[in-house]
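Chemist: Okay, here's the structure, questions in a sec.
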Amino acid sequence: MASFDVIIIGGGPAGYVCAIRSAQLGLSTAVVEKDKLGGVCVNIGCIPTKALLHSARIANVVTHEARELGIETGPVKTDYGVAMKRSRKVSEQNSRGVEFLMKKHKVTVLKGEGVLAPGKRVKVGGETHEARKAVVIATGSRVKGIPQIGLELNKTTVISSDEALFLERAPVSLAVIGAGAVGCEFADIFHAFGSKITLIEALPRILPLEDAECSDTVSKSFRKRGIEVFAGAKVTKAVVGKDKVSLTFEAGGKAQTLEVEKILMAAGRDVNTEKLGLAEAGVKLTDRGWVQVNPATLETTAAGVYCIGDVAGPPMLAHKGSREGVNVAELIAGRRPHPIRYDNVPSVTYCHPEVASIGLTEEQCKERKLDYQIGRFPFSANGRARATNETDGFVKIIRDKKYGEILGAHIVGGHASEMIHELGVARENEYTVEEIDLAIHAHPTLSEAIAEAALDSMGRVMNI
């Protein structure tokens, strides 16, 4: 029996970050991983998708904007297979980077599936390993289908994002079921590579977790580019063939029929808790299927067993899991880490235009009967956005009317994913909109729109 201070089951963004921090704190650490280090995010999620979105953005610029920018091109031909292979190289580079980090920090990597055993032990293959201090569960999540209406994933005509990332060509036609972040990103990607896209969302609007104004802006942008968008839609029947799928769904009070080459399921994820030996080790699940944890410590119902990342519950985001990994490592080492503010985890959708948000939406402020003030600034009035042809979207800041506290912030537009962190830092440190204004923003930059939105929330906007 090998013995370590900490054994982490899962080598994704939560697990490998927890391993690095544990090693930095002097704990002997092992990570159990059955596939490639980096998990879904690095190998079949965040990283390759962003590589494809970059290709999609360039394709759209060359196709639709080049002449206006003074660049003459011949006929533009896109090749999804080439973009896919580039995205795989990017993923491989990142996965190898995680391997290097494990070696650098002297973290032992145990290849195989980890199964919990009582007494902070983990079985991997035919061997059992003991954790002197703690075991950390970081097994992540996977895409799910909707078998009850005939949409069981089959990896050919009914696919998930996993299979989409390995296609050699873009399908002629594609229906995307689910218009959250994943659905909107793949709709954007495949449309840029020539697929006829139909985006179907059961809830009343696409990107249903985002502020309604953000959802509306993305929906209008998609429709303008020729992507069919159906929100408030209910799929009632699916007939899956060898090379096509027929769908029947209701939207806007009307029955719709659709025949497509492929369907991409983006309607949610299931957590990976099967075959982990949770019950035998005394680890309970919640009614929703996540691992039950103490919110303050992330310890499970079994003493010395912790849980981080997707499997510990929402938000199911890589950066949330990474921060949980750091905090758990510090707790195991006897430190007192700064508590995680789950209301200050940024959310980003990387389609074009991008959407980034933090804190409360306007709808949530209304539900809580808060006394708030809105500040907005459109990128159409921002000099840098005009110069770079990225005028779609806006910055929206929601502040407490009395004290100026930033209750929430929402950005739609180019580079929204990079801009949101100014507002995250502000909220983490309890800065007010007045203090956002006091920070001088360079001109011309997109970030000036943040300062202008802050001013607008105070009734002092300058440039509109």
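Chemist: So if I check each of ASP400, ASP310, which one is among the acidic types (Asp, Glu) and under 20 Å from GLY268 (Cβ atoms)?
Modeler: ASP310
Chemist: Any idea which residue in region 337-352 is nearest to PRO295 (Cα to Cα), counting only those that are assigned to a loop (DSSP other than H, G, I, E, B) and touching a residue at least 60 places away in the same chain (Cβ under 8 Å)?
Modeler: Applying the filter and picking the extreme gives ARG341.
Chemist: With the requirement that a residue be β-branched (Val, Ile, Thr) and within 10 Å of VAL229 (Cα to Cα), what does region 184-211 give you?
Modeler: ILE197, THR198, ILE200, ILE206
Chemist: Turning to a different aspect of this structure: Only one of these is loosely packed, with under 14 Cβ neighbours inside 10 Å and at pLDDT 95 or above: VAL425, VAL395. Name it.
Modeler: After ruling out the rest, the residue left standing is VAL425.
Chemist: Quick one: GLY334 ticks every box in (1) in contact with a helix residue (DSSP H, G or I) (Cβ under 8 Å, 6 or more places away or on another chain); (2) small (Gly, Ala, Ser); (3) assigned to a loop (DSSP other than H, G, I, E, B) except a single one, so which number is it?
Modeler: (1)
Chemist: Are any residues in region 229-247 over 22 Å from ASN154 (Cβ atoms), in contact (Cβ under 8 Å) with a residue 40 or more places away in the chain and surrounded by fewer than 21 Cβ atoms within 10 Å (Cβ to Cβ), and if so, which ones?
Modeler: ALA231, the sole residue that qualifies.
Chemist: Looking at (1) at positive phi; (2) touching a residue at least 24 places away in the same chain (Cβ under 8 Å); (3) surrounded by fewer than 20 Cβ atoms within 10 Å (Cβ to Cβ), which is the only condition LYS155 fails?
Modeler: (2)
Chemist: Among the listed residues ALA83, ALA23, ALA19, identify the single one that is in a helix (DSSP H, G or I) and touching a helix residue (DSSP H, G or I) at 6+ places or on another chain (Cβ under 6 Å).
Modeler: Checking each option against the conditions leaves just ALA83.
For every residue, the table says whether it meets (1) part of a helix (DSSP H, G or I); (2) closer than 16 Å to VAL31 by Cα; (3) of a type in the set (Asp, Glu); (4) modelled with pLDDT under 90.
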| position | (1), (2), (3), (4) |
| --- | --- |
| VAL122 | no, yes, no, no |
| GLU130 | no, yes, yes, no |
| LYS155 | no, no, no, yes |
| LEU167 | no, no, no, no |
| ALA170 | no, no, no, no |
| LEU174 | no, no, no, no |
| ALA179 | no, no, no, no |
| CYS184 | yes, no, no, no |
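Chemist: Considering (1) surrounded by 16 or more Cβ atoms within 10 Å (Cβ to Cβ); (2) in a loop (DSSP other than H, G, I, E, B); (3) at pLDDT below 95, say which one GLU274 fails and leave the rest.
Modeler: (1)
Chemist: Against the conditions (1) crowded, with 23+ Cβ neighbours inside 10 Å; (2) modelled with pLDDT of 95 or more, where does ILE58 fall short? Just the number, please.
Modeler: The number of the failed condition is (1).
The values are calculated or read from the model by the stated rules, or taken from the named source; none is laboratory data. Computed from a predicted structure; not experimentally measured. With ideal geometry, Cβ positions are generated from the backbone for all residues, glycine too; neighbour counts draw on all protein chains shown.
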